[in-house]
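Read the structure below first, then the notes.
The values are calculated or read from the model by the stated rules, or taken from the named source; none is laboratory data. Small disclaimer: the values here were computed from a predicted structure and weren't measured. Backbone-built Cβ (ideal geometry, glycine too); neighbour counts: all protein chains shown. For the accessible areas, the whole protein counts, side chains as well, though only heavy atoms, and no ligand, DNA or RNA atoms are used. Shrake-Rupley method; radii C 1.70, N 1.55, O 1.52, S 1.80 Å.
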Amino acid sequence: MDYFKKIFKESIIVVLISSVMGLFSGTLLSSNEQILASFPIILLVLPSLNSLTGNISTVLVSRLTSHLYLGTLSPKIKTSNRLKQDFYGLLITILLSLAALISIGYIIGIVTGIEIVNPLLIISILNVTVLILFGVMFVFLFIGSILLFRNGKDPNNYLIPIITSLSDFLTPLLIIIFIHIFIL
Amino acid sequence: MEAQDSKGKIIKENFPSEMVSIVGDILAGIVLSLLIISFKSFILLILIIPALLSLRGNLSGPFIARTSRDFIIGEFNVKSWFENVMATFLLSLLTAFAIGIFSILMNFLLVKLYIFNIGLLIAIPVVSIVFTLSISIPCSTLLNFIAFKRGLDPNNVVNPMMTAIDDFFTIICFYLTIIMLGVP
């Protein structure tokens, strides 16, 4: 039962904290209901946007962990061709997915008669939010994976729960901040 | 296999899975609005759902990443999978219980809605997450196996696809749980 114990021991605290953070994400949305209700398109795409940033971060952590276990990525904090391929591959994927998400969101918005307010500015806010989150998370997850792996820990057990909850919290937070700065 | 992954391969494998995730999450949002909005306790239930979705991501994300890594590094076997499953279920029970306790606390401090036995706020996340994982774990293991056998990198494909499937089933299982427990 060594594997069971390792997973449980490494995960329990981080999963507990991350999951309870989900309650705070709900509270953040409830307390900014008025702002979000003024831009219904954001409410429509927000769950998918949370998933998108969470998914890309999860893919990055699991790829980095596999590279480290396989030995195709050296456990040192320095750039490498492997890291650049992951960075550009995931950056292009997240931008393409965001374009698709915004298009689907607006098509559904038009079909269902949802009020579309300031579309260019909203699209810019969504793009900037995703780019900032991607950049920050890439650096944080790369350094975090290397440090955890060096200490004999499995980065999957620690970083995926943290990043899932952080992206659920930070995505709406950044959008709300940008709406305050650029629109209100 | 992973050592040769180029950014093109990452995009090619990851983007279609992200599309499935985006469409699935939009559908999940629509199902959520249709099914849950009619409940008298909606304002309380909507507090639990983000935490439950976070919990699902915090548990199944690492579970999928560990299974993918075990396939890739050649260490996948029934024993390691069983221990992985047991650890995931034990973590889910403990964390769902904690979410229930925090929900009671937040209801007491913020929402102040007392239209059903408050103990149900513990039972709802516990029963709901066990239902969800009972569907998610076999599905993700099968998807990991199929992706690996077909020469795809499971890290790129399985997590985004499972996000959509899991979010959809989290909402369905949540709905079935509140019906089963007689929540008004």
Exercise. Which FRET efficiency value, to the nearest 0.05, is calculated for residue B:179 and residue B:82 with the Förster distance at 22 angstrom and r the Cβ-Cβ distance?
Worked result: 0.10
Exercise. Which of the lysines could a cross-linker span from residue A:153 if the Cα-Cα distance has to be under 29 Å and same-chain partners fewer than 8 positions apart are dropped?
Worked result: A:5, A:6, A:9, A:76, A:78, A:84, B:7, B:9, B:79, B:149
Seminar exercise, completed: Taking a ≥ b ≥ c as the square roots of the Cα gyration tensor eigenvalues, with a/c under 1.5 meaning rounded and otherwise prolate when a/b beats b/c or oblate if not, the protein assembly as shown comes out oblate
For this session: With a 1.4 Å probe and every protein chain left in place, tell me how much accessible area residue B:33 has, in Å² to the nearest 10.
Result: 60
Problem set entry | Rounded percent of accessible protein surface that carbon and sulfur make up, the protein assembly as shown, 1.4 Å probe | 74
Exercise. Measuring from centroid to centroid over Cα atoms, what is the spacing of segment B:1-70 and segment B:111-169 in Å?
Worked result: 8
Exercise. Other chains' Cβ within 10 Å of B:23-31 residues: what's the mean?
Worked result: 4
Problem set entry | Total accessible area lost when B and A pair, probe 1.4 Å, Å² to nearest 100 | 4800
Exercise. For chain B, what is the accessible area per residue in Å², given a 1.4 Å probe and the full set of protein chains?
Worked result: 40
Exercise. Can you put B:83, A:115 in order of accessible area, largest first, using a 1.4 Å probe?
Worked result: A:115, B:83
Exercise. Separation between the residue A:2 and residue A:81 pseudo-spin-labels, each 7 Å from Cα along Cα→Cβ, expressed in nm?
Worked result: 3.5
Problem set entry | Distance (nanometres) between label positions extended 7 Å along Cα→Cβ at residue A:177 and residue A:92 | 3.0
For this session: Just give the residues from segment B:42-61 buried by at least 50 square angstrom of accessible area in the all-chains context relative to the isolated chain, probe 1.4 Å, and say none if nothing qualifies.
Result: B:54, B:58
For this session: Distance from a point 7 Å along Cα→Cβ of residue B:27 to each backbone N in segment B:49-85: keep the residues under 11 Å and list them by number.
Result: none
For this session: With a length cut of 30 Å (Cα positions projected on each helix's long axis) and a Kyte-Doolittle mean of at least 1.6, go through chain A and give me the DSSP H helices that pass.
Result: A:119-150
Exercise. Which whole DSSP H helices in chain B pass both tests: a Cα extent of 20 Å or more along the axis and a mean Kyte-Doolittle value no lower than 1.6?
Worked result: B:120-149
Seminar exercise, completed: For segment A:2-182, whose charge dipole is built from +1 on Lys and Arg Cβ atoms and -1 on Asp and Glu Cβ atoms, the candidate among A:140, A:55, A:105 with its Cα farthest towards the positive end is A:140
For this session: Take each of the peptides A:52-63, A:146-157, average the number of other beta-carbon atoms within 10 Å over its residues, and list them starting from the highest.
Result: A:52-63, A:146-157
Exercise. Per residue, how much accessible area does segment A:54-140 show when a 1.4 Å probe rolls over the protein heavy atoms, in square angstrom?
Worked result: 43
Exercise. Mind ordering B:152-161, B:122-131, A:100-109 by average Cβ neighbours within 10 Å, highest first?
Worked result: B:152-161, B:122-131, A:100-109
